[in-house]
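> Handing you this structure, nothing more for now.
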Amino acid sequence: MRKNIPIIFIILCLFFTVNKISAQENSIQTSYRIFEKDYRYYQSLIETFNTAKSKNLQYNSVTSQAEYLQASKNLLMSEINSLISFTVFLKLKLSDSTKILKYNESTLYLKLDDENAFLNNFKENIIKISTLEENKISWKTFKTHYLTVKNIAFRSKSLIEIIQGNKILDDISDIQDKMSVYLDDKKQDDLGTKAANDKLTGLAAKLILSANNIKSAENLQGGFRLEDADKNSSAIRNVLNQFCLNNQQIISGYENIINTLQ
């Protein structure tokens, strides 16, 4: 039970850190803070839950069972609230990154809406739990939906990374075009200009490799299976790591050309 939300939190911290403040980002910032608050509250209940569980294992009395049941219900409710606030944050982040404002235009939005609706209704069931067996079944049900949201998060992470990669590719392509125009305007009999042109031709080939990396990532994303979300996401990340490496070399090449012509 205690391992569920921390996995989501790690995904969140590594790939969805919100560190730019703008009017467009305000709602995302707010939803992120709510998630942090809910997550911290969940953490605060773990010790109480562990204590009640140990006490019940030791005494197995009516009182210890009642205390354990209540502690378990409280912990489960806090996990549900954390997961709900995470789905809200993720939907906003997806909307901001993809610029798709209508949820029915994306299966990811639909799946997140479904999970959010289920979890909000599920909270009512938790309140009514009166036995340890009911509590056990509820934990199993929650785990199934937690795994669904976690897999959606992995797919969303990859989708956002590909979108960002395409934006970077567009920017570098624009620089490449401007560099080419700049060199065309210079005297071609100048040795420095000739060397710069040769260098720029080599960088154009690397730019093609970067474009192919993005295409490969998009193809992997197209075949994304939610049940293998972590593996698929890792494969996409490996491709995008190569994309980043190519781009670093291209940018260094542009700097070298500029320094040569100065």
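> Between the alpha-carbon centers of the range 61-101 and the range 133-156, tell me the distance in whole angstrom.
Spelled out, the Cα-based centre of one part sits 10 Å from the other.
> Okay, moving on. On the protein heavy atoms, probe 1.4 angstrom, tell me the percent of accessible surface of the range 161-241 carried by carbon and sulfur.
Of all accessible area on the range 161-241, carbon and sulfur atoms account for 52 percent.
> Could you order peptides 53-62, 157-166 by the average number of other Cβ atoms within 10 Å of their residues, highest first?
Per-residue Cβ counts within 10 Å, averaged per peptide and sorted highest first, yield 157-166, 53-62.
> Treating cross-link reach as a plain straight distance, find the lysines whose alpha-carbon is under 20 Å from the alpha-carbon of K73, omitting any fewer than eight places away in the same chain.
K3, K37, K53, K55, K123, K128, K136, K140, K143
> Also, I was wondering about something else. For the range 127-262, what Kirkwood radius comes out of the mean inverse Cα-Cα distance, in Å? Walk me through the intermediate numbers first.
Numbers: mean 1/r = 0.0554 Å⁻¹.
It works out to 18.1 Å.
> Using a Gaussian network model on the chain with a 10 Å cutoff between Cα atoms, which of L191, L94, L45 fluctuates the most?
Sorting by GNM fluctuation, first place goes to L191.
> In square angstrom, what is the accessible area per residue of the chain with a 1.4 angstrom probe?
On the way: 14470 Å² over 262 residues.
Heavy-atom SASA per residue in the chain reads 55 Å².
> Ok, one more. Looking at the chain as a GNM with Cα springs under 10 Å, which of S85, S130, S31 has the largest mean-square fluctuation?
Between S85, S130, S31, it is S130 that shows the largest mean-square fluctuation.
> Is the shape of the range 50-163 best called rounded, prolate or oblate, per the rule: a/c under 1.5 gives rounded, else a/b larger than b/c gives prolate, else oblate, with a ≥ b ≥ c the square roots of the Cα gyration tensor eigenvalues? Walk me through the intermediate numbers first.
Values: a/c = 3.70, a/b = 2.78, b/c = 1.33.
It is prolate, given that a/c is not under 1.5 and a/b is the larger ratio.
> Carbon-plus-sulfur fraction of the accessible area of the range 28-107, 1.4 Å probe, in percent?
Values: 2170 of 4100 Å².
So the carbon and sulfur contribution to the accessible surface is 53 percent.
> OK, next. Taking 7 Å along the Cα-to-C-beta vector as the label spot, tell me the E134-N256 distance in nanometres, rounded to one decimal.
In this crude spin-label approximation the distance works out to 7.1 nm.
The values are calculated or read from the model by the stated rules, or taken from the named source; none is laboratory data. None of the values given here were measured: they were computed from a predicted structure. Because the Cβ atoms are built from the backbone with ideal geometry, glycine has one as well, and the counts that use them run over all protein chains shown. Just the protein is used for accessible areas: all its heavy atoms, side chains included, with ligands, DNA and RNA removed. Shrake-Rupley method; radii C 1.70, N 1.55, O 1.52, S 1.80 Å.
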